[in-house]
Amino acid sequence: TATVSWVKPTQNSDGTPLTDLAGFVVKYGNSPTTLTQRIPVDDPSMTRYTVQNLGKGTWFFTVVSYTVAGVESEVSQVVSKTIS
């Protein structure tokens, strides 16, 4: 398993207050440039998620937030974990 945590955003990219946060998407995969797996986290108050059943190897993760209208933020910094 790997636990991914993040800081809940409070502002839109233009600096205005973020008032319509709907949730997050944890994206992950075996390459930092190909994060093809997606886990929706539909609770905007959550700030961590544990990804289960990862195979051996190095896994890369990022998180995006999304609004009620479905607009996604830029991806966060990509982090990795090696499962042996």
Of (1) touching a residue at least 24 places away in the same chain (Cβ under 8 Å); (2) open to solvent by less than 90 Å² (accessible area, probe 1.4 Å); (3) assigned to a loop (DSSP other than H, G, I, E, B), V7 satisfies every one except (2)
The condition of being in a loop (DSSP other than H, G, I, E, B) and touching a residue at least 40 places away in the same chain (Cβ under 8 Å) holds, among S65, S76, only for S76
### Verdict on S76 being under 25 Å from T10 (Cβ atoms), crowded, with 16+ Cβ neighbours inside 10 Å and among the small types (G, A, S)
yes
- Would you be able to say whether some residue in the range 16-25 is of a type in the set (A, V, I, L, M, F, W, C) and over 14 Å from the mean Cα position of the chain (by Cα)? yes
Per the list (1) part of a strand (DSSP E or B); (2) closer than 13 Å to V64 by Cα; (3) not aromatic (F, W, Y), residue check on T50 breaks on (2)
Over the range 31-49, the set of residues open to solvent by 50 Å² or more (accessible area, probe 1.4 Å), of a type in the set (A, V, I, L, M) and in contact (Cβ under 8 Å) with a residue 40 or more places away in the chain is none
Query raised in the report: Is it fair to say Q52 is under 21 Å from K81 (Cα atoms) and either surrounded by 14 or more Cβ atoms within 10 Å (Cβ to Cβ) or out of contact with any Lys or Arg (no Cβ under 7 Å at 6 or more places or on another chain) (or both)?
Result: yes
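For (1) assigned to a loop (DSSP other than H, G, I, E, B); (2) modelled with pLDDT under 95; (3) more than 14 Å from V71 (Cβ to Cβ), each residue gets a yes or a no:
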{"position": "G15", "(1), (2), (3)": "yes, yes, yes"}
{"position": "T19", "(1), (2), (3)": "yes, no, no"}
{"position": "A22", "(1), (2), (3)": "no, no, no"}
{"position": "V25", "(1), (2), (3)": "no, no, no"}
{"position": "Y28", "(1), (2), (3)": "no, no, yes"}
{"position": "P40", "(1), (2), (3)": "no, no, yes"}
{"position": "S45", "(1), (2), (3)": "yes, no, yes"}
- Message: Given the criteria at pLDDT 95 or above, under 30 Å from S84 (Cα atoms) and open to solvent by less than 60 Å² (accessible area, probe 1.4 Å), does T67 qualify?
- Response: no
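The values are calculated or read from the model by the stated rules, or taken from the named source; none is laboratory data. Treat the numbers as computed from the prediction; the structure is a model and nothing was measured. Neighbour counts are summed over all protein chains in view; Cβ atoms, including those assigned to glycine, are modelled from backbone coordinates with ideal geometry. We work out accessible area using only protein heavy atoms, side chains counted, and drop any ligands, DNA or RNA first. Shrake-Rupley method; radii C 1.70, N 1.55, O 1.52, S 1.80 Å.
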